[in-house]
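Heads up: the structure comes next, in structure tokens.
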Amino acid sequence: MRVVIKIGSNLLTDKAGRINQRRIHSFAREISELSEKSFEIVMVSSGAIASGLRKLGLKTKPKEIRKKQATAAVGQPLLMWMYEQYFLKYKKHIAQILLTRDDLSNRIRYINAKNTILTLLEMGVIPIINENDTVATDEIKFGDNDQLAALVSGLIEANQLIILSDVEGLYTSDPKKDPEAKIIKHVKDFSKELEDIAKPTSTGYGTGGMYSKVIAAKKATSFGIPVHIVSGRKYGNIKAVLEGKDRGTFFEPVKDRVTSRKGWIAYATRAKGNIYIDEGAVKALLKNGKSLLPSGIKKVEGDFDLGDAVYCIDEKGQRIAKGLVNYSSCEIKLIKGKKSTEIEKILGYKYADEVIHRDNLVILL
């Protein structure tokens with residue numbers, strides 16, 4: 001059984017922002033015990049910036065991105081050294097993998113990352129993945145390791161994603177502020193109300209919050225992967241989840257899951273532009289499972305090339321799909337609203353009848 005375990009900064013640091021070595025030891029022990037029972041474990045761990053704060057003697061997290069990058073560069077070796085020391089106590093080897101969104105948005109690098117992780121698992125090594133904060137920019141500012149964990153789960157076709165939190169799971173309201181808050185044990189469908197419950201929050205040393213975890217769960221379950229959000233402060237919770245015991249919040253995977261390739265298109269690729277389509281095209285995509293033809297296109301935004309990802313937007317401004325285009329933005333502007341039989345006459349050549357083939361298109365609704 002292949003399992004991805006995400007560990008956030010809050011679980012690895014104390015109130016002063018110092019790395020909690022006792023907690024790292026606890027995770028190393030439990031994960032090592034599970035790996036002895038034929039579980040293939042991949043960790044997605046935060047903590048590089050927090051580790052850097054301690055080493056540099058800084059009291060607060062820097063606000064400037066360049067200083068965050070520098071702090072992460074100092075802290076990443078320290079974090080991995082701690083993991084290395086504690087896993088060796090249980091005769092387990094670890095490997096460090098640093099990724100950015102660009103690594104996963106590039107199809108070749110995406111496949112290479114998958115092959116590397118799976119090879120490490122075959123060798124009995126525990127991969128520890130972190131976002132490459134030393135070179136990332138908007139990844140630090142807007143991203144977080146919850147989303148990375150969801151993408152990695154889809155990447156390696158995991159059987160389970162466990163997101164460790166500093167609370168027991170998803171509650172009806174913030175349990176730190178509302179004593180009447182109740183835990184939500186089971187989530188079958190994602191609704192706006194559910195996402196509103198987990199409104200974005202920020203913490204001292206991590207980014208994201210419960211909202212980020214819910215969005216990550218939504219992505220992972222679309223791959224057909226079960227997700228649990230459980231407390232990482234209690235030893236044995238990971239094992240309990242894998243034994244099928246009632247812990248935290250369980251997110252049920254969808255039955256009609258997306259393929260690995262379409263999941264990559266939906267979540268890993270960066271959209272380079274927008275294609276606005278008419279009602280007929282919307283119906284063809286949503287109800288009939290058809291490809292996007294030039295005749296249904298009304299407007300093009302952005303500068304993109306053949307093979308890039310774009311959003312398909314309806315007349316209400318809603319993103320209904322995302323796909324890889326067969327033509328550049330300049331070419332689509334020339335053929336929009338035209339029939340497929342006219343493409344060659346207009347451009348002087350034709351790559352395909354479709355602007356986006358249905359095999360390269362993912363419905364987002």
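The values are calculated or read from the model by the stated rules, or taken from the named source; none is laboratory data. Values in this document were obtained by computation on a predicted structure and should not be read as measured data. Quick reminder, even Gly has a Cβ in these numbers, built from the backbone with ideal geometry, and neighbours come from all protein chains shown.
Residue check: is GLY224 at pLDDT 90 or above, surrounded by 16 or more Cβ atoms within 10 Å (Cβ to Cβ) and of a type in the set (Gly, Ala, Ser)?
On the way: at pLDDT 90 or above: yes; surrounded by 16 or more Cβ atoms within 10 Å (Cβ to Cβ): yes; of a type in the set (Gly, Ala, Ser): yes.
When the stated conditions are applied, GLY224 passes them.
Step by step: first the residues of region 324-365, then only those that are surrounded by fewer than 20 Cβ atoms within 10 Å (Cβ to Cβ) and of a type in the set (Asp, Glu), then the one that is nearest to LEU285 (Cα to Cα). Which residue is that?
ASP359
I'd like the residue in region 286-326 that is β-branched (Val, Ile, Thr) and not in a loop (DSSP other than H, G, I, E, B) and, out of all such residues, is farthest from the chain's Cα centre (by Cα).
The extreme case among them is ILE297.
Failed condition for ILE229, given (1) under 30 Å from ARG358 (Cβ atoms); (2) modelled with pLDDT of 95 or more; (3) of a type outside the set (S, T, N, Q); (4) within 20 Å of the chain's Cα centre (by Cα), with all others met?
Checking ILE229 against (1) under 30 Å from ARG358 (Cβ atoms); (2) modelled with pLDDT of 95 or more; (3) of a type outside the set (S, T, N, Q); (4) within 20 Å of the chain's Cα centre (by Cα), the one that fails is (1).
Pull up region 241-264, narrow it to residues that are among the acidic types (Asp, Glu) and either at pLDDT 90 or above or under 15 Å from the mean Cα position of the chain (by Cα) (or both), then point me to the one that is nearest to SER231 (Cα to Cα).
Restricting to residues being among the acidic types (Asp, Glu) and either at pLDDT 90 or above or under 15 Å from the mean Cα position of the chain (by Cα) (or both), the top hit is ASP246.
Anything in region 275-294 that is surrounded by fewer than 18 Cβ atoms within 10 Å (Cβ to Cβ) and either in contact (Cβ under 8 Å) with a residue 60 or more places away in the chain or under 30 Å from LEU148 (Cα atoms) (or both)? List them, or say none. I'd like the intermediate steps shown before the answer.
If we filter region 275-294 for residues that are surrounded by fewer than 18 Cβ atoms within 10 Å (Cβ to Cβ), which is where we start, we get 278-280, 283, 286-290.
Answer for region 275-294, where residues must be surrounded by fewer than 18 Cβ atoms within 10 Å (Cβ to Cβ) and either in contact (Cβ under 8 Å) with a residue 60 or more places away in the chain or under 30 Å from LEU148 (Cα atoms) (or both): LEU286, GLY289, LYS290.
Being among the hydrophobic types (A, V, I, L, M, F, W, C) and surrounded by fewer than 20 Cβ atoms within 10 Å (Cβ to Cβ) is the filter here; which residues of region 303-323 pass it?
First, pick out the residues of region 303-323 that are among the hydrophobic types (A, V, I, L, M, F, W, C): 304, 306, 309-310, 312-313, 320-321.
Correct list: LEU306, ILE313, ILE320.
For LYS298, only one of the following conditions fails: (1) within 10 Å of ILE275 (Cβ to Cβ); (2) in contact with a Leu (Cβ under 8 Å, 6 or more places away or on another chain). What is its number?
Unmet condition: (2).
In region 319-358, which residues are free of Cβ contacts under 8 Å to residues at least 12 places away in the same chain and either among the aromatic types (Phe, Trp, Tyr) or closer than 28 Å to VAL258 by Cβ (or both)?
TYR349
Can you find a residue in region 228-245 that is under 30 Å from LYS316 (Cβ atoms) and either in contact (Cβ under 8 Å) with a residue 24 or more places away in the chain or in contact with a helix residue (DSSP H, G or I) (Cβ under 8 Å, 6 or more places away or on another chain) (or both)? Give the steps one after another, and end with the answer.
Going residue by residue through region 228-245, those that are under 30 Å from LYS316 (Cβ atoms) are none.
No; the residues of region 228-245 include none that is under 30 Å from LYS316 (Cβ atoms) and either in contact (Cβ under 8 Å) with a residue 24 or more places away in the chain or in contact with a helix residue (DSSP H, G or I) (Cβ under 8 Å, 6 or more places away or on another chain) (or both).
Check VAL4, VAL74 and return the single one that is over 22 Å from the mean Cα position of the chain (by Cα), surrounded by 17 or more Cβ atoms within 10 Å (Cβ to Cβ) and at pLDDT 85 or above.
Matching residue, one of VAL4, VAL74: VAL74.
Tell me, which helices (runs of 4 or more DSSP H) lie completely within region 91-160 with 1 or more residues that are modelled with pLDDT under 95 and either surrounded by fewer than 22 Cβ atoms within 10 Å (Cβ to Cβ) or in the same structural domain as GLY307 (by TED's automatic domain parsing) (or both)?
By residue number, 101-105, 107-122, 138-142.
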